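The structure under discussion appears below in the form of structure tokens.
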């Protein structure tokens, strides 16, 4: 009985619910750009994403990775066990049932997200073991796809007829979605930079490993540049002030990025878990603050 209790506690630890904070900027950005908000839908979609789908994805990924070293949000993860898979299945099922209370479109998009998050880690497919394909899955599904998922989950209506008969709105959403994807694309390789050896031992060749330490920083800087270019295209006709605020909010992130890069140039050991998590937390905090401000204003 004691072992069973410990397995459930370990499974709950692997949820890494606090890690959802790092993905919160996508939701807040979508919320800040919504012309109208359905409060019930917005709250429900927030709960579904941040307390069910994201943690379940962490759980499913940890179950198949069986990490022994540090992973995002857990410096010393407990061993994987069967309870993790069972809990992930129940959480995803609950998320899909709740999604239909918002709309069938939201439920379909949520199901697609869950499917690809599982294909990313599932041992017989394991998209994450392919450096460019794995990156593309994260780039699309944690970025622009999630932005659109949030859009469907925030407004009271959102149908294809309305979208495709309003070309201005289509372009407006496209730039926002691309900005989100490139923002994710800038951070994601940096989350792999300290795991090269452990990933290789697990049969996973990451994009960061392919790029090398310095190449990872260069690639992330390019992605970051594209993200801000698409933020500009998104905001240039509606609120350049908002664009400038986003740039200003990211100045601490840029400064930390440069300092970390210079440290890695001196000593590759600085490409470690601590620096990675500080980068993630700082980036998420700065974006969460500015997007929350845009929501309120």
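Before moving on, here are some points about what is shown:
- Relative contact order (%) - criterion: Cα under 8 Å, at least six apart; region: region 160-297: 27
- What the pair-distance distribution of region 253-297 shows, using all Cα-Cα distances binned every 5 Å from zero, is 5, 22, 23, 18, 12, 9, 6, 4, 1 percent.
- Region 13-60 and region 79-141 have Cα centres separated by 14 Å.
- Per residue convex hull volume, Cα atoms of the chain, in Å³: 126
- Estimated from helices alone, the mean residue ellipticity of the chain at 222 nm is -23500 deg cm²/dmol (sum of -39500 (n - 2.57) over DSSP H runs with n ≥ 4, per residue).
- Fewest-first ordering of 140, 155 by other beta carbons within 10 Å of each residue's beta carbon gives 140, 155.
- Rounded to the nearest 0.05, the FRET efficiency derived from the C-beta distance between residue 101 and residue 9 at R0 = 45 Å is 0.90.
- √(5λ) per eigenvalue of the Cα gyration tensor, region 193-265, largest first, Å: 31, 15, 9
- Here the residues 51, 224, ranked from fewest to most Cβ neighbours within 10 Å of their Cβ, fall in the order 51, 224.
- Relative contact order [Cα under 8 Å, 6+ residues apart], region 35-146, whole percent: 24
- Using 0.36 nm per residue and subtracting the Cα-Cα separation, the extra length available between residue 111 and residue 17 on full extension is 31.9 nm.
- Cβ crowding within 10 Å ranks 18, 196 as 18, 196, fewest other Cβ atoms first.
- Shape call, region 107-155: gyration tensor on alpha carbons, a/c limit 1.5: oblate
- Computed from the C-beta positions of residue 247 and residue 35, the FRET efficiency with R₀ = 25 Å rounds to 0.60.
- Counting 0.36 nm for each residue step from residue 125 to residue 85 and taking away their Cα separation leaves a gain of 12.7 nm.
- Cα-based radius of gyration for region 8-105, normalised by 2.2 N^0.38 Å, reads 1.18.
- Relative contact order, whole percent, for the chain stands at 22, derived from Cα pairs under 8 Å and 6 or more residues apart.
- Reciprocal mean inverse distance between Cα atoms of region 166-297 - Kirkwood radius, Å: 15.8
No lab work stands behind these numbers, since they all come straight from the coordinates. Computed from a prediction, not measured in an experiment: that's the story for all the values here. Here Cβ is always computed from backbone atoms with ideal geometry, including for glycine, and neighbour counts include all displayed protein chains.
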